[in-house]
1. When a footprinting reagent is the concern and you count Cβ atoms within 10 Å, what order do His263, His31, His136, His98 take, fewest first?
2. State, as an integer percentage, the relative contact order of segment 3-87 based on alpha-carbon contacts under 8 Å between residues 6 or more apart.
3. Please list, in order along segment 291-302, the HN-Hα scalar couplings obtained from phi with the Karplus expression 6.51 cos²θ - 1.76 cosθ + 1.60 (θ = phi - 60°), rounded to whole Hz, x for Gly and Pro.
4. Spelling out what I want: for every residue of segment 274-287, take phi, set θ = phi - 60°, compute 6.51 cos²θ - 1.76 cosθ + 1.60 (Karplus), and round to whole Hz; glycine and proline get x.
5. Sorted from fewest to most neighbouring beta carbons within 10 Å, what does the list Phe343, Phe39 look like?
6. Note the full-extension length gain between His147 and Leu220 as 0.36 nm times their separation in residues minus their Cα-Cα distance, in nm to one decimal.
7. Rounded to the nearest 500, what is the 222 nm mean residue ellipticity of the chain from helices alone, with -39500 (n - 2.57) per DSSP H run of 4+ residues and division by all residues?
8. Assuming 1.567 mPa s and 4 °C, estimate D for segment 1-56 with Stokes-Einstein, Rh taken as the Kirkwood radius over Cα pairs, in µm²/s.
Amino acid sequence: MKISQIAEALGAKIENASPDADISGVAGIEHAVPGQLTFVSNPKYAHAAKTTCASAVIVDENFPAISTGMLRTKNPYLAWARAIELFYQPPQYAPGIHPTAVVHPSATLGPGAHLGPYVTIDADARIGNHAVLLAHVAIYRGAQIGHNFFAHTHAVVREFCQIGDNVILQNGAIVGSDGFGFAKTTAEDKAEADKTEGGKTEGDKTEGDKTEKPRWHKILQSGNVIIASDVEIQANSCIDRAAVGHTTISRGAKIDNLVQVGHASTVGEDTLLCAQVGLAGSTEVGNNVILAGQVGVAGHCKIGDNAIATAQSGIPNDVEPGKTVSGYPAIDNKLWLRCSAVFNKLPDLAKAIRKLSDQNQQNHK
């Protein structure tokens, strides 16, 4: 593909390169070879643009001139994403239902669907047009799913969950698993239950049959999950159903691998939950929020719009809109950076304090 064609597709301006130069593919800046296109959006890699072997580099409009060909654009990262699409086409799945797939007679499936081996769709489920369900995907009873649904192998949509259009579930994503809800019984509760049930089992008795062991009673998770359009949920993430009401993932939210969204939580529009984020039950996350890897949020907390929590932060309280927080318990990011700098000096500070204390005691003798 000619650089001029790429520039037109990306809305970029060519600089220091022949419009007729051929580009055969894309690669990272440190691994690109002649004939390939790369990019710089992170200042950390700006120096690599001077030594890259790529034929052209996608850069910001204000990026300093280099000897390599450049495609200048307002948003290099977005342009790079679109450039990848020019050179790589993912597998296409022709409409059809594999002989091993099982679709309940009462289920509704829109035109153009592709169902892979051992897909199961239960009673009263409804799926829109042009769905792709790869091997071993399971759609439970009464699930309602919009158009252009794409579910990779072993994704699951549980009973009565609702999903909008253009939703992607990566491998092993679970929508609507039971929320983690249990109520502990007391001895009195157990005794009353025994009366109702006409007795107790041997396993419930303690030595001498004097007291009953408390147990965890499962709270029936009677709610569901509602996922709006344009959401992607990546591998092995779990969105729990609510005990009552809904767990909600709003339009355009993106959920990374191994994320846990607790029951009755709400995730706002265009919010990013990065790998291993955990939301306890009834967490409210606003719009355009970024929770970086391994952030944990306590139950019933509210995270305001446009807030950011850096990696491994623990959030036990509400976060104001627009705030950037870090650490545990999460505090303002700038304060946390200062605290971190002091933390490394604590041994020296403790030594200095002990020395001053010793001097003070000697002065009072």
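1. His31, His98, His136, His263
2. Relative contact order here is 30 percent.
3. 10, 6, x, 6, 6, x, 10, 5, x, 6, 8, 10
4. Each residue of segment 274-287 in turn: 7, 3, 6, 5, x, 10, 6, x, 6, 7, 10, 10, x, 7 Hz.
5. The most exposed by this proxy come first: Phe343, Phe39.
6. Difference between extended and current length: 23.2 nm.
7. -5000 deg cm²/dmol
8. 112 µm²/s
Bear in mind that the values in this text are calculations on the coordinates, not laboratory data. Note that the coordinates shown come from a computational prediction; the quantities given were computed from them, not determined experimentally. Virtual Cβ from ideal backbone geometry, glycine too; neighbours counted across all protein chains shown.
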